[in-house]
Amino acid sequence: MGLKAYVATRAILTVPMLVILTTIVFLIVRVLPGDPVLLHFGKQVNPQAVEQVRHILGMDKPIHLQYLDYMAGLLRGNLGIAFSNYQPVSEQIFSAFPATLELTLYSIIVAVLVGVLLGARASSKYASVGDTSIRAFGIVSYAIPVFFLGLILQYLFAIYPNELGHSLLPATGRISAGDAPQGGEFFGVHLQTGLYTVDALLGGSLSQFLDAARHLVLPSLTLGIALSGVFIRITRSNMVDVLGQDFVTAARGRGLKERTVLYSYGLRNALLPILTVLGLQFAALLGGAILTETTFAWGGLGTYLYRSIEGYDYTAIQGAVIFFGLLVALVSLVIDVLYAYLDPRIKY
Amino acid sequence: MSPVCGEGKVTYLVEAKRLKKYFPVRRSLLEGVLGKRERFLRAVDDVTIGVEKGTVLALVGESGSGKTTFGKLTLRVHLPSSGSVTFNGKEVASFKDKDLESFRRSAQMVYQDPTAALNPRITIGEAIRQPLEFNRLGSVSDQKERALKIMERVGLLPAEEFYSRFPHELSGGQRQRVVIARALVLDPVYLVADEPVAMLDVSVRAQILKLILELKQELDLTMLIITHDLAIAKYFSDNVAIMYLGQIVERGSRQDTFVNPMHPYTKALISSVPVPDPERKRERLMVPGDIPSAINPPPACRFHTRCPFVFERCRVDEPALVERSPGHFVACHLYDKK
Amino acid sequence: MRNSTKTGISKAISTVQVVIILVIIVLAGAVAYYYYPSSGTGTTSPTTTTAQYKDTIVIGSTDSLECACTDPARAYDYFSGSWLSINLGAPLIDFAPGTTDTSPTAMKPALATSWSISSDGLTYTFILRSGLKFDDGHPFNSTAVKFSVDRGIALNDPDGPFAGIGIGSIIDHVDTPNSTAVVFHLKSTFAPFLGLLTFSAMYPVDPWRVSANSVLNFSSGHPESGNPFGLGPYNLTEWTRQGNVESEMKFDANPNYWNYPAFPKTQHIIIRFFTDATALAAAVSAGDVDFGYRQFTSSDIGSFQSNAGLKVYSSPGAFIQYLVLNQHIAPMNNTSVRQGIAAALNRTDLINTVFLGTATPLYSQVPLGMAYHSDVFKTAYGDTNIAQAQQLLGDAGYNSTNKLTVDLWYESSGHYPQSGDQAVVLKRSLEATGVISVNLQHTDWGTYRAQRRAGSMQMFIMGWYPDFIDPFDYTQPFFQASGSSWLNDGYNNTAMNDLIGQAIGSTSQSQASSLYQQIQDLSAVDVPMVPLYQGGANCCGVVAKTSVGGIFLDVTLIFRMYTITETVT
Amino acid sequence: MSLEVSHLSVSYFTQKGELRAVRDASFSLAKRETLGLVGESGCGKTTLGFALARLVPRPGKVVRGSVKLDGKEILTLGDKELRKIRGREIAMVFQDPTTSLNPVKRVKDHFVEAIRAHQPETSKEEAVAKCRQILSDLGVPEDRMKDYPHQLSGGLKQRVMIGLALALDPKVLVADEPTTSLDVIIEAQILDLIGRLKAKTDLSMLLVTHNLGVVAEVADRIAIMYAGEIMELADARTIFRSPLFPYTQLLLKLVPNIEAESASLESIPGSPPDLTKPRVGCQFVPRCPFAFARCRVEAPVLTEVEPGHLVACHLYAGKEK
């Protein structure tokens, strides 16, 4: 069977999973004790106001009709109306998502780069001082609260240099004020991703790209370092394992270069479990994004969820959770496909 | 020669009749979705064979021939897909409650890898005593005494001292003694030994095999030895069955099998064993290729794809296991030619 | 003997390489900095402003729009009413920036060049500047003024100022004798009418952009359509929202502004929005923004004061906070209970603990510094008067064994500075009486407002920025039943309603003085709410780089962006 | 002489102390000769084989001795020179073909990589052609070249491993238990293959195994290792006909012979010594039926007692030449 057919099947199989997820989320909001509308209003309420809100939100209908409305809405990409300001949740999420995606992508790159390289390095210096210190770094980075790390980096690389009169890196935001890149025209089509680094390049502005990159440095380092601990550990242990295997010795015995042995034999095989962890860490990354985004005024989904939870905005939370679920499903799909691609032993 | 009882009738302790065990092959995601027909690995495919009371039957075959599955079927570790296994004439699959408990005590197994078979955090004395505890046999002190006794018998001396040791403190041979002691502590009548010495060094192999045979005599055990090592089959069995791709291709007394092998596969097996004599240059019966997959075994005679003597009939007609001389059964068309 | 394995791998990935990669990540941005013109300046446009000023200023704020709209018919929270509208629109007449005189004689011409008041105080006539245009090119004339006022009154949006202040009950109708003359006919004498005209609700809107029948809402990608005014110093040229909040707004100078090119001083202003005060403080400290306004914590303000590159502004403030005692929920309908609570409160503790002494205790809804102010609560109860509190609550049947149990609500999403801290201190002072037990409750601002409208919070902290500068705006919206419906606190005293009615109609200074004294006295007897403190911009936070000038913070509390400049350093 | 090993000692520096896996091993390997290195597990035979290409894994180290290939010392070569030797002059075949190939690489890519590592001027097509040639010589169907290792049977994998080892026409092949994990019929196929290779090429081979049957089929000379030391060294026939060292004698008795008439249940009592402990006298003393006083105090030295027959045993002290 071809890889394409596998991808298609695997994607189709994601559908029932999403139906289950969305149904569970729907039920949790409605079946768990506590009426979201009442919770929204607090203890003592004006019944008319409640009825009005219920009507606006369509929650005055019988539950099975609500479910049908909800599922039909989902199919149309409609996640309902936010409690707090009666705006469409899906629109809000789509406007916030690119920021989170950009932060997440660069953080993953930092985490993998730092984690895998340090992990591989630790494994090659197994049980040495270098190994021990890398492992210690891994543990510390894993244990340190993300926002605290963020504040430290903010102070060291943005606030302190500015107080000295040499501004080094911005502490907050995604790009200098008023300079959000708008993408560019290609063959008469306007392309804009919402990822500022990409949009800057689409628009052909190097200065915007560099500016966006400057703004990305601290938040992606914060989140990336916080996540690198897991990668250090998993890379190290897998590399130690793989490098001890016969085929590595055999490769050396054939006179292959150490670099080939280490990457093409060692890391390439150790990569598979790392990939699994990468998929699993994606959810953690989204969680970390909430804290990072607040510290760096990043304005993405993390901030959205934070605001929504703070305001008991149930439809917004529901929408965000479904969206996160969708993302995680998508990522696991990508990971599975990558896995199948990278590991010839996988039968698909 | 096979021992005979009463009026020349053979008494089997364990008997398999037309025994089949098919394992469903895990379909891949895609196959499952596309509704592809489920496939089976035919581990044991229509085997009829018995282990005579008080004898040792060696089941010989290459890896993937289904011999271990057969051993487990006789212990009711697996339930058959079809056919039957009887123990003392009773259907093993039908055992319930008390009968089942007593069967479990009577039929024991010795595994190939003693290291994997022992929990590294439990002392070997406790490991040997545990089966008694699980079967609620006697008081704790009785159990301990019984464990010490069997430890002495298998040569774990001094037993008191060994009792409190952990598996990692023992050599491979000693660990296999522990596994044997644990199998024997419940006084079984039937013992399946699955490659009992394959993981051991040559210098201790003989000790362990000797011990097993002594215990067999002493405790009047009936044994099934599963092995790929023909030398072990030759020296330590009364009867031999040769298995290929889930089927028995030849069975008979040890003498029949080794002195007068008839099936080309048996011949190839025997001639393939390297002989520790540099001056003896034998003519080898070379068999090409690998053992085929048990998921899609070749039709008709399963050995026809590799057999040096293959002819037309072998490809179309499945040979039956025919008694070519008293007690010597062979499944091969070659002997119908004349 | 060398160990080939180890040295081999060590060569493949050396420590140096790992360090280099890390350093590259950290320094990539720093290097980029030197290739990029310093942040905040944006692209330099040669045609625009005078050389010594920057043409772009970036302001950081935790403020946001409550309803995703800037339409004066609905929005009159601080951000839309006292900040956004002031810079996007223009009033007929105005106070001079930085004024300390809030009397009618201090009024300056704006869209109107002159005005006259009939002797009965019922007719106000304004002559408009001629030749003015909205930013979309349509002409500004008396019809537009009439359209704006009629529309607001007709819409009478329940969340909006027209309903809140009851403008429809003040203005009878508007006449337009010619294209530059506007005549307001009042239903009855309304003393603060000129002050009312400085209120953003009365700013003319562009009839070609807003509909007469509906409120203008945010529309993604069309910032201009979110700006209903078109006559102010600035146009709104970018407005992005991410998720459920504003992320950035950009303002460009409006060449059609009547006072252009004198104002605005800076061609482009950008507001960057923050969800979190700590992040805003970091942005100010790191120089990401030139200017930070609303909100900072007191401790952030403290650290800014010690930073040589930053200047902290303070001003007389007419921002007040007060505790509403909702008479819908028993036993708040018991006057003794309300009086007891008023007596128990410890304002000193509140100001010292929460605001580190930067605010002023408040003993009347009319703040200190405003005409007719009187410390009526101080006279009636003093402060932290535990004995009196115990006695008053005792009258209502509460004692140390049968304690009064109340819910104290505060909003927790940063709309008000340090609300949670305040609530804790208030709880402490109430419970110090030994006869009160307080449950703290909190929610976000949106929900808080909804609950306030629903009348479901027993006791809650609220704040007030003036809509326009007149004691009227500190009494009528709280004490007169027709004006305080927005609070839904169940207070309705006919005597009080009458007193306020008279004050509105009074044309003499001495009569007004006596009436406002009586109103304040009665408020200390009825105690529908307890004034807590007043503050200026300091409590809300104005922090700017030292290079920034032209900041006018006055008692009006409105925030003029069009006067701000930043010198090029 | 093709390969000359003298006084080679290898130790593992473990937490329990220095484990002397190979001690003072000396032997030589002539062109076209096959030397069988026989011993039980843990006797150091695999370590000795690995040491020839300096492949002893950490924490192992060659502590003394020399390995000369055509007069060139291997143990002091730099990394680059060492890489040139590995695969090109000394090639290895490992015990378990299942774990000896990179699971994520196709069969042919292993060849292309190995050939081009040593002959960068070879084009990919040439390397693939060479791979095809080698594999067809070894009886691997051509279409298996595109397969991944897990798609091959154990026998095919071992053929591929042998092919890989021979791809660069090495002078010396170190084969570490090349048939141990294979079934008997496949083992026979591989032994047959090795036999044909021997006849066809100039290859010298060190065959490391515990199976006396295997060495009897293939080896010209046999070295018997016990507890890290070579105790006896002679041509194959001599070892089987007239073994001198008591351990060799016992070992031969307990090796099952499928052709022999009756079973032998001999065994050697006791177990090999702990190699981390210091040695006094002969290592085999505790298990030796002929041990006498001298054996306990003085370690015997490998000595030629008959032409071409070396043994390390005090029993033959007087027979020295």
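Quick one: is residue C:190 at pLDDT 90 or above, assigned to a loop (DSSP other than H, G, I, E, B) and open to solvent by less than 10 Å² (accessible area, probe 1.4 Å)? When the stated conditions are applied, residue C:190 does not pass them. Among the residues of segment A:295-322, those identified as at the interface with another protein chain (Cβ under 9 Å from one of its Cβ atoms), hydroxyl-bearing (Ser, Thr, Tyr) and open to solvent by 20 Å² or more (accessible area, probe 1.4 Å) are A:306, A:312.
Would you confirm, using the coordinates I've provided, whether residue A:279 is part of a helix (DSSP H, G or I), more than 9 Å from chain C (Cβ to nearest Cβ) and closer than 25 Å to residue C:240 by Cα? Spelling it out, it is not the case that residue A:279 is part of a helix (DSSP H, G or I), more than 9 Å from chain C (Cβ to nearest Cβ) and closer than 25 Å to residue C:240 by Cα. Screening the candidates A:94, A:137 for the property of being more than 9 Å from chain C (Cβ to nearest Cβ), modelled with pLDDT of 80 or more and under 30 Å from residue C:445 (Cβ atoms) yields one hit, A:94.
Name the one entry in B:292, B:308, B:264 that is closer than 30 Å to residue D:195 by Cα and at pLDDT below 90. First the steps, then the outcome.
Values: B:308 fails: at pLDDT below 90; B:264 fails: at pLDDT below 90.
It is B:292.
For the residues B:186, B:269, the requirement of being surrounded by fewer than 20 Cβ atoms within 10 Å (Cβ to Cβ), of a type in the set (A, V, I, L, M, F, W, C) and in contact with a helix residue (DSSP H, G or I) (Cβ under 7 Å, 6 or more places away or on another chain) singles out B:186.
Across segment A:238-253, the qualifying residues are those that are in contact with a Pro (Cβ under 9 Å, 6 or more places away or on another chain) and of a type in the set (S, T, N, Q), and the one among them that is farthest from residue D:102 (Cα to Cα) is A:238. Please go through segment C:149-168 and give me each residue that is more than 30 Å from residue C:454 (Cβ to Cβ) and open to solvent by 10 Å² or more (accessible area, probe 1.4 Å), ordered by number. Correct list: C:150 only.
Tell me, which helices (runs of 4 or more DSSP H) lie completely within segment A:97-191 with 1 or more residues that are out of contact with any Lys or Arg (no Cβ under 9 Å at 6 or more places or on another chain) and closer than 30 Å to residue A:316 by Cα? Steps first, answer last, please.
Numbers: elements: A:129-143, A:146-154, A:160-163.
Output list reads A:146-154.
Applying the criterion of being within 7 Å of another protein chain (Cβ to nearest Cβ) and in contact with a Lys or Arg (Cβ under 9 Å, 6 or more places away or on another chain) to the residues of segment B:278-312, the residue that is farthest from residue B:62 (Cα to Cα) is B:279. Tell me which residues, restricted to segment C:303-351, are among the small types (Gly, Ala, Ser) and either under 21 Å from residue C:362 (Cβ atoms) or surrounded by 19 or more Cβ atoms within 10 Å (Cβ to Cβ) (or both). Of everything in segment C:303-351, those that are among the small types (Gly, Ala, Ser) and either under 21 Å from residue C:362 (Cβ atoms) or surrounded by 19 or more Cβ atoms within 10 Å (Cβ to Cβ) (or both) turn out to be C:314, C:315, C:317, C:318, C:340, C:342, C:343, C:344. Residue A:153 fails exactly one of the following numbered conditions: (1) closer than 30 Å to residue A:193 by Cβ; (2) surrounded by fewer than 20 Cβ atoms within 10 Å (Cβ to Cβ). What is the number of that condition? Single failed check for residue A:153: (2). Restricting to segment A:237-274, name every residue that is under 28 Å from the mean Cα position of the chain (by Cα) and more than 10 Å from chain C (Cβ to nearest Cβ). Answer for segment A:237-274, where residues must be under 28 Å from the mean Cα position of the chain (by Cα) and more than 10 Å from chain C (Cβ to nearest Cβ): A:237, A:238, A:268, A:269, A:270, A:271, A:272, A:273, A:274. Does segment B:260-274 contain any residue that is within 14 Å of another protein chain (Cβ to nearest Cβ) and without any contact (Cβ under 8 Å) to a residue 12 or more places away in the chain? Yes, segment B:260-274 contains a residue that is within 14 Å of another protein chain (Cβ to nearest Cβ) and without any contact (Cβ under 8 Å) to a residue 12 or more places away in the chain.
This table checks each residue for (1) within 30 Å of residue D:249 (Cα to Cα); (2) of a type in the set (D, E, K, R).
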residue: B:200; (1), (2): yes, no
residue: B:203; (1), (2): yes, no
residue: B:211; (1), (2): yes, no
residue: B:226; (1), (2): yes, no
residue: B:240; (1), (2): no, no
residue: B:254; (1), (2): yes, yes
residue: B:269; (1), (2): yes, no
residue: B:272; (1), (2): yes, no
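Quick check on segment C:366-373. Is at least one of its residues over 30 Å from residue C:514 (Cβ atoms) and of a type in the set (Val, Ile, Thr)? No, segment C:366-373 contains no residue that is over 30 Å from residue C:514 (Cβ atoms) and of a type in the set (Val, Ile, Thr). Is it the case that segment C:353-376 has a residue that's free of Cβ contacts under 8 Å to residues at least 40 places away in the same chain and within 15 Å of residue C:337 (Cβ to Cβ)? No; the residues of segment C:353-376 include none that is free of Cβ contacts under 8 Å to residues at least 40 places away in the same chain and within 15 Å of residue C:337 (Cβ to Cβ). Yes or no: residue B:180 within 17 Å of the chain's Cα centre (by Cα), closer than 24 Å to residue B:49 by Cα and of a type outside the set (Phe, Trp, Tyr)? Answer is no for this residue.
Being more than 23 Å from the chain's Cα centre (by Cα) and aliphatic (A, V, I, L, M) is a property that holds for residue C:310. Within segment D:276-321, how many residues are under 14 Å from residue D:244 (Cβ atoms) and small (Gly, Ala, Ser)? Residues meeting the conditions: 4. Just one of the listed residues (C:330, C:389, C:342) is assigned to a loop (DSSP other than H, G, I, E, B) and out of contact with any Lys or Arg (no Cβ under 7 Å at 6 or more places or on another chain), namely C:330.
Residue pairs whose Cβ atoms lie under 6 Å apart, separated by 6 or more positions or on different chains, with the first residue in segment C:434-450 and within 10 Å of chain A (Cβ to nearest Cβ) and the second acidic (Asp, Glu), are C:439/C:407; C:441/C:407; C:444/A:310; C:445/C:411; C:448/C:411.
Could you tell me whether any residue of segment B:226-249 is assigned to a helix (DSSP H, G or I), at pLDDT below 95, more than 12 Å from chain D (Cβ to nearest Cβ) and closer than 17 Å to residue B:50 by Cβ? The answer is no; no qualifying residue exists. Look at segment A:110-131: where a residue is over 17 Å from residue A:223 (Cα atoms) and in contact (Cβ under 8 Å) with a residue 40 or more places away in the chain and a partner is open to solvent by 20 Å² or more (accessible area, probe 1.4 Å) and in a loop (DSSP other than H, G, I, E, B), sitting 6+ places away or on another chain with Cβ atoms under 9 Å, you get A:122/A:128; A:126/D:58; A:131/A:125.
Scanning segment C:258-295 for residues that are more than 8 Å from chain A (Cβ to nearest Cβ), out of contact with any strand residue (DSSP E or B) (no Cβ under 7 Å at 6 or more places or on another chain) and surrounded by 24 or more Cβ atoms within 10 Å (Cβ to Cβ) gives a single hit, C:281.
For segment D:129-168, a residue qualifies if it is farther than 22 Å from residue D:3 by Cβ, in a loop (DSSP other than H, G, I, E, B) and within 13 Å of chain A (Cβ to nearest Cβ), and the qualifying residues are D:147, D:148, D:152. Taking segment C:480-569 and the helices (runs of 4 or more DSSP H) fully enclosed by it, the elements with 3 or more residues that are modelled with pLDDT of 85 or more are at C:494-505, C:509-526. Note on segment C:487-524: among residues that are surrounded by fewer than 18 Cβ atoms within 10 Å (Cβ to Cβ) and in contact (Cβ under 8 Å) with a residue 60 or more places away in the chain, the one that is nearest to residue C:189 (Cα to Cα) is C:505.
The values are calculated or read from the model by the stated rules, or taken from the named source; none is laboratory data. What you see is a predicted model, and the numbers here were worked out from it, not measured in a lab. With ideal geometry, Cβ positions are generated from the backbone for all residues, glycine too; neighbour counts draw on all protein chains shown. With ligands, DNA and RNA removed, areas are computed over all heavy atoms of the protein, side chains included. Shrake-Rupley method; radii C 1.70, N 1.55, O 1.52, S 1.80 Å.
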